[in-house]
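What follows is a single structure, written as structure tokens, with notes after it.
The values are calculated or read from the model by the stated rules, or taken from the named source; none is laboratory data. Not measured: the values here are computed from a predicted model. Here the Cβ positions follow ideal geometry from the backbone for every residue, glycine too, while neighbour counts run over all protein chains shown. With ligands, DNA and RNA removed, areas are computed over all heavy atoms of the protein, side chains included. Shrake-Rupley method; radii C 1.70, N 1.55, O 1.52, S 1.80 Å.
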Amino acid sequence: MIDTSVKYLGITLKNPIVVGSCGLTSTIESLKKLESCGAGAVVLKSIFEEQILQQTDSELQEVQKNSLLYSQMSESFDYIDTYIKDKTVDAYVQLISQAKQSLLIPVIASINCVSDFEWTTFAKKIEKAGVDALELNVFLSAADITETNFEQTIIAIINKVTASVSIPVCVKISSSFTKISKTIQTIAQSNVKGIVLFNRFYSPDIDLESLQIVNSGRYSNPADYTLPLRWIGLNANKVSCDLIASTGIHTGDAVVKQILAGAAAVQVVSALYTNGYDHIQTMLAQLEAFMNSKGYQYIDQFKGKLAVTETNASAYERIQFMKYYAEIGK
Ligand SMILES: Cc1cc2nc3c(=O)[nH]c(=O)nc-3n(C[C@H](O)[C@H](O)[C@H](O)COP(=O)(O)O)c2cc1C
């Protein structure tokens, strides 16, 4: 009997396929379908710092226009400001409570944040709602030339949040860092229980007919899995927290490869948008078929088997690249 269970941020999951934060994890109906199709856990759609602030600003502008209803006293506006923020957070807290009542699999909340000042109170509310873990999607743009130390900002956010909650916290980062390995290893020394590699941003493209800048596509493709594979393989033996693969995981074989490289689990989003919820079952069947074919009964028997060690480091690094191109030139 094959056992696909894994530890994820210290929590036991029945299998390593976690549905990543996206629109599919934003309603109870959809979450239930994901559970019935076999998901090991779900990361709820993020609550966005920008979303809260934008909503606050526009509703406050409406309020300010109506001088009959509200006095211009600043205390009123302070109150309204808090109320509007609470409403947005309350809706999220309600989603968590309902998800916890409706599902048996672990439910992970997600906060998309850019700073360390607004979030600790939200994190506490989210914890109180009963969520199993919290994922911080720290949105720092590589195009931002004013940000001098991305790692420090991420660690400041982690420290503030982990000081106020006791549930496991992980962080999801982008791949746009000058020294990704150093960033991963530095973040791993903080209080995080895991690092999700990587967040994916829409890339701009240009439409030659309309001469407009457009999105190149919202979904990853199955070849993209090699991006997290490389950085997980390079770092799995260097960190004590979980590394979780996200981006381009579309097949059970891609799940197996991430685990061989050292991932604790994977997150899947685009594959479910393009193939439907049932695709989780297909991926799980592929994972089990691999385990059967190799005689593995537990995930730990092959987890990290192909992560970088002293002897195989060159397979992940430049020497392999040079060898490949030298052979093409022959
Ligand atoms: C439609 C859509 C909505 C998403 N919404 C969120 C979100 O709210 N928060 C977040 O952290 N990531 C969000 N993501 C990013 C995914 O969680 C994931 O990191 C990314 O899509 C890469 O995984 P994939 O290749 O399996 O799609 C979204 C992705 C898609 C396609």
Tell me yes or no: at least one residue of segment 35-54 is in a helix (DSSP H, G or I), at pLDDT 95 or above and closer than 16 Å to Ile280 by Cβ. yes
Count, please, the residues in segment 170-184 that happen to be in contact (Cβ under 8 Å) with a residue 40 or more places away in the chain and not in a loop (DSSP other than H, G, I, E, B). 5
Just to be sure, is Ile280 within 14 Å of the ligand (Cβ to nearest atom) and touching a Cys at 6+ places or on another chain (Cβ under 6 Å)? yes
The one condition in (1) away from the ligand (no atom under 14 Å from the Cβ); (2) more than 20 Å from Glu35 (Cα to Cα) that Thr247 fails to fulfil: (1)
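Only one of Thr162, Thr148, Thr153 is of a type in the set (Ser, Thr, Tyr) and in a loop (DSSP other than H, G, I, E, B); which? Show your work before the answer.
Numbers: Thr162 fails: in a loop (DSSP other than H, G, I, E, B); Thr153 fails: in a loop (DSSP other than H, G, I, E, B).
Among Thr162, Thr148, Thr153, only Thr148 is of a type in the set (Ser, Thr, Tyr) and in a loop (DSSP other than H, G, I, E, B).
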Which pairs have Cβ atoms under 7 Å, sit 6 or more apart or on different chains, and link a residue in segment 185-196 that is more than 14 Å from Lys160 (Cα to Cα) to one that is open to solvent by 10 Å² or more (accessible area, probe 1.4 Å) and in a strand (DSSP E or B)? Lys193/Asp242; Gly194/Asp242; Val196/Lys172; Val196/Ser246
Boolean, Asp300 is open to solvent by 40 Å² or more (accessible area, probe 1.4 Å), within 11 Å of the ligand (Cβ to nearest atom) and either farther than 19 Å from Leu44 by Cα or hydrophobic (A, V, I, L, M, F, W, C) (or both): no
Are any of the residues in segment 206-229 away from the ligand (no atom under 16 Å from the Cβ), open to solvent by less than 70 Å² (accessible area, probe 1.4 Å) and within 28 Å of Thr309 (Cβ to Cβ)? no
Residues that are among the hydrophobic types (A, V, I, L, M, F, W, C): find the helices (runs of 4 or more DSSP H) completely inside segment 250-323 holding 3 or more of those. 252-261, 279-294
Does segment 2-10 contain at least one residue that is modelled with pLDDT of 95 or more, away from the ligand (no atom under 16 Å from the Cβ), closer than 24 Å to Thr121 by Cα and open to solvent by 40 Å² or more (accessible area, probe 1.4 Å)? yes
Hey, could you check segment 119-163 for residues that are more than 16 Å from the ligand (Cβ to nearest atom) and in contact with a helix residue (DSSP H, G or I) (Cβ under 6 Å, 6 or more places away or on another chain) and say which is most open to solvent (accessible area, probe 1.4 Å)? Lys124
Give the residue that is nearest to the chain's Cα centre (by Cα), with candidates limited to residues of segment 103-116 that are more than 22 Å from Ser36 (Cβ to Cβ) and open to solvent by 20 Å² or more (accessible area, probe 1.4 Å). Val114
Select from segment 108-125 the residues that are more than 14 Å from Cys170 (Cβ to Cβ) and aliphatic (A, V, I, L, M) and list them in ascending order. Val114
May I ask you to list pairs of residues, at least six apart or on different chains, whose Cβ atoms are under 8 Å apart, with the first in segment 103-117 being touching a residue at least 40 places away in the same chain (Cβ under 8 Å) and away from the ligand (no atom under 16 Å from the Cβ) and the second being open to solvent by 20 Å² or more (accessible area, probe 1.4 Å) and in a loop (DSSP other than H, G, I, E, B)? Ile105/Lys14; Pro106/Asp132
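Out of segment 91-102, which residues are crowded, with 20+ Cβ neighbours inside 10 Å and touching a residue at least 40 places away in the same chain (Cβ under 8 Å)? Before the answer, list the steps.
Keep residues of segment 91-102 that are crowded, with 20+ Cβ neighbours inside 10 Å, which gives 92-93, 95-96, 99.
Listed by number, the residues that qualify are Tyr92, Leu95, Ile96, Ala99.
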State the number of residues belonging to segment 183-203 that are away from the ligand (no atom under 16 Å from the Cβ), farther than 19 Å from Ala263 by Cβ and out of contact with any helix residue (DSSP H, G or I) (no Cβ under 8 Å at 6 or more places or on another chain). 1
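Every residue, every condition in (1) within 14 Å of the chain's Cα centre (by Cα); (2) closer than 25 Å to Lys45 by Cα, yes or no:
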{"site": "Ala142", "(1), (2)": "no, yes"}
{"site": "Ile173", "(1), (2)": "yes, yes"}
{"site": "Gln185", "(1), (2)": "no, no"}
{"site": "Tyr225", "(1), (2)": "no, yes"}
